[in-house]
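To keep things clear, I will list the structure first and then write my remarks on it.
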Amino acid sequence: MQDLTQSQWREQISNDENAVILDVRTDMEVAEGIIPNAQQINIQNAAGFMQKANDLDKSKNYYIYCKSGGRSAQACMILNSLGFQNTYNLLGGITEWEGETTV
């Protein structure tokens, strides 16, 4: 897992053809806005999260965010324990996100 600032996150994703963005917030939080092209996997639904995590392609690079950075750091650690090599945590989460969001 690597923690990335907003600017590092944007720069790295823009140069990464193997990037997948994961939003680990709840449905209610996602309804308020989501980073474009992100897939949601709610980490608070532990069984569902583990099932979906095991279906992900381990060869991809995962850029993960939540509301403030805590749950996404946890998600990175879980994915790493499942054998994922490249996970990136967005410091500050969507709360500090200065880019585009969609509803």
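The values are calculated or read from the model by the stated rules, or taken from the named source; none is laboratory data. As the structure is a prediction and not an experimental result, all values here were calculated from the model. A quick note on method: Cβ atoms are made from the backbone with ideal geometry, for glycine too, and the neighbour counts reach across all protein chains shown.
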Helices (runs of 4 or more DSSP H) wholly inside region 25-88 containing at least 1 residues that are closer than 20 Å to Asp3 by Cβ = 46-55, 70-81
query = Do you know which of the residues in region 41-59 that are touching a residue at least 12 places away in the same chain (Cβ under 8 Å) and surrounded by 15 or more Cβ atoms within 10 Å (Cβ to Cβ) is nearest to Ala19 (Cα to Cα)?
reply = Leu56
message = If Trp97 meets every condition in (1) of a type in the set (Phe, Trp, Tyr); (2) modelled with pLDDT of 95 or more; (3) more than 12 Å from the chain's Cα centre (by Cα) apart from one, which number is that one?
response = (2)
request  = Say whether the condition of being exposed (fewer than 12 other Cβ atoms within 10 Å of the Cβ) and within 15 Å of Ile34 (Cβ to Cβ) is met by at least one residue in region 78-96.
outcome  = yes
ask   = Only one of (1) touching a residue at least 60 places away in the same chain (Cβ under 8 Å); (2) basic (Lys, Arg); (3) assigned to a loop (DSSP other than H, G, I, E, B) fails for Arg10. Which number is that?
value = (3)
